[in-house]
Each structure stands twice: as C-alpha cells, then as structure tokens.
1. Kindly provide the set of residues from region 46-69 that are hydrophobic (A, V, I, L, M, F, W, C) and either within 16 Å of the ligand (Cβ to nearest atom) or not in a strand (DSSP E or B) (or both), ordered by number.
2. For region 14-34, enumerate the residues that are in a strand (DSSP E or B) and more than 17 Å from residue 76 (Cα to Cα).
3. Take residue 11 and decide whether it is in contact with a strand residue (DSSP E or B) (Cβ under 6 Å, 6 or more places away or on another chain), modelled with pLDDT under 95 and of a type in the set (D, E, K, R).
4. Can you tell me which residue is nearest to residue 73 (Cα to Cα) among those in region 35-45 that are part of a strand (DSSP E or B) and touching a residue at least 12 places away in the same chain (Cβ under 8 Å)?
5. If you take the residues of region 56-82 that are of a type outside the set (Phe, Trp, Tyr) and touching a helix residue (DSSP H, G or I) at 6+ places or on another chain (Cβ under 8 Å), which of them is surrounded by the fewest Cβ atoms within 10 Å (Cβ to Cβ)?
6. Do you know which residues across region 70-97 are within 16 Å of the ligand (Cβ to nearest atom) and outside any helix (DSSP H, G or I)?
7. Against the condition closer than 14 Å to residue 189 by Cα and in a helix (DSSP H, G or I), how does residue 153 come out, does it pass?
8. Could you tell me whether any residue of region 160-182 is touching a His at 6+ places or on another chain (Cβ under 8 Å), closer than 29 Å to residue 75 by Cα, hydroxyl-bearing (Ser, Thr, Tyr) and surrounded by 15 or more Cβ atoms within 10 Å (Cβ to Cβ)?
Amino acid sequence: MSAMWGVEIRRRTVRQTEYVCPRCGVDRIGSEFEPQRWFVIAKLPLIPLATMPNEIMCGDCGHRSDLGVLDIPTTAQLTNYLEIAVRCSIAFVVRSGRANAFDFNIDSSVVAHALAVMAADGHAYDEAQLRDDVANLDDDDARSSLGRLTRELTPHGKQRFLHRMASLAMSDGPMNVRERRALAEIGVALGMPAPHINGILAVAALDLESA
Ligand SMILES: [Zn+2]
C-alpha cells in the first residue's frame, strides 16, 4: 500500500526561448519549465507541494540549467546590444562636441564619420537618424547601453570601440574638454581602467596630429 504513495516532480512548460546552452556553448532553443513537487498516489498527482525555481532545458542536448544562463546574451542579442551602444555613444560624442545644447548644427565631417562608423558595422543609418539620436538619446542611455557590454567585449574590443569614438570626436578638429570627458565616461562605462583610457585618448590625439 505504502509503495503507491510518494512525492514526484512534474514540470510544466512555461515558454520556449533562445539562449546560450552552457553545455553546447552556442545559441539553442530551450524550454523553460516550472518544476512542481506533488504528493502522488498511484501515479496520480493529488496535492501540490513546493514550487521549485524555474529551469531551462536545451532542445539539443537536454542539459538543464537555472535561469541565470538567460543573462548571457545570445549572438542576436549581442549584435543588438552592440548596435545600440554604438548609436548611443555616437550621439553622446556628437552632443559633447557642441558649444551648447541649442546648437543644432552638426559639422558635415562629423556626420560623414558617424555614418561611416555605423556602415562599417553593417548597420543602415542616415543623417536624419543621427539627428534624431542626438536630440532624443541622453547620456544615461549611452552609459547603460555600454554597461551591458562590459562582460561581453574583450579588452581589445573595448579599446577599438573607444578609439573609434575618439576619432569621431576629432573628425572636426582636436578634442575639446567636453568631448574628452564624454570619451572618458564611455571608457569607464565599458569597465576600462583609467590609465588604459587615458593612454588610448593620448594615442588617438597623436594620430590626428600626425595625420
Ligand atoms: Zn545544449
């Protein structure tokens, strides 16, 4: 008789989602489950017991993980994060180069350089979008979009990112104090150490002088 009584875990599917499976090491479709313990009699769930933390199971290898793995961006998410961070940073740098907040003029060399940065990454982008971004995004958007990349970009990737923004800032002449401050903030938001940031900005300034 007692053998018919017991506790069993049943898993209800909550949704399917793309994520990076830690075992496969690449983007996979996984099923998110809500595991629930049931008191069962003769295989029939009778009384629900504790609900356990949700978990996700890889559709390819069957590996189960806790939902912490969803914090790791998929390739598609990372591409979006990068594009947003580049756009926000371009707007940040362009805004910092203006004499005041009511100066709506953007130097044509700055426009051309900004569009070239976006095109080099394969993003369609035009002057109207740039003007929209400069008007509508704020400095905090740049900081938070960059913050998402601190763990994802390699030190070399961060260095390249900052160097590109520095050459954008200097496309209409030497960097001014506000541009330098904005660039330093971009480096800090990416999690770069201060000496490294200063070194990159110094090299970028030298490159411009010798160009
Ligand atoms: Zn897997």
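1. 52, 56, 57, 58, 61, 67, 69
2. Going residue by residue through region 14-34, those that are in a strand (DSSP E or B) are 14-20, 27-34.
Listed by number, the residues that qualify are 14, 15, 31, 32, 33, 34.
3. On the way: in contact with a strand residue (DSSP E or B) (Cβ under 6 Å, 6 or more places away or on another chain): yes; modelled with pLDDT under 95: yes; of a type in the set (D, E, K, R): yes.
In short, yes.
4. Start the filter on region 35-45 by keeping residues that are part of a strand (DSSP E or B), which leaves 35-41, 44-45.
Those left that are additionally touching a residue at least 12 places away in the same chain (Cβ under 8 Å): 35-41, 45.
Numbers: 35: 24, 36: 28, 37: 31, 38: 34, 39: 38, 40: 39, 41: 42, 45: 37 Å.
Only one residue tops the list, namely 35.
5. Taking region 56-82 and keeping what is of a type outside the set (Phe, Trp, Tyr), we get 56-80, 82.
Still in the list and also touching a helix residue (DSSP H, G or I) at 6+ places or on another chain (Cβ under 8 Å): 56, 73.
Values: 56: 24, 73: 19.
Step by step, filter region 56-82, then rank; the result is 73.
6. Our first condition is that a residue be within 16 Å of the ligand (Cβ to nearest atom); within region 70-97, this holds for 70, 72, 74-75.
Scanning region 70-97 gives 72, 74.
7. Working: closer than 14 Å to residue 189 by Cα: yes; in a helix (DSSP H, G or I): no.
Against the criterion (closer than 14 Å to residue 189 by Cα and in a helix (DSSP H, G or I)), residue 153 does not qualify.
8. Let us first name the residues in region 160-182 that are touching a His at 6+ places or on another chain (Cβ under 8 Å), namely 167-168, 171.
Filter once more, keeping what is closer than 29 Å to residue 75 by Cα: 167-168.
From what's left, hydroxyl-bearing (Ser, Thr, Tyr): 167.
Among the residues that remain, those that are also surrounded by 15 or more Cβ atoms within 10 Å (Cβ to Cβ) are: 167.
Checked against the condition, which is being touching a His at 6+ places or on another chain (Cβ under 8 Å), closer than 29 Å to residue 75 by Cα, hydroxyl-bearing (Ser, Thr, Tyr) and surrounded by 15 or more Cβ atoms within 10 Å (Cβ to Cβ), region 160-182 yields at least one hit.
The values are calculated or read from the model by the stated rules, or taken from the named source; none is laboratory data. Source: prediction; values computed, not measured. Every residue, glycine among them, receives a Cβ derived from its backbone with ideal geometry; neighbour counts consider all protein chains shown.
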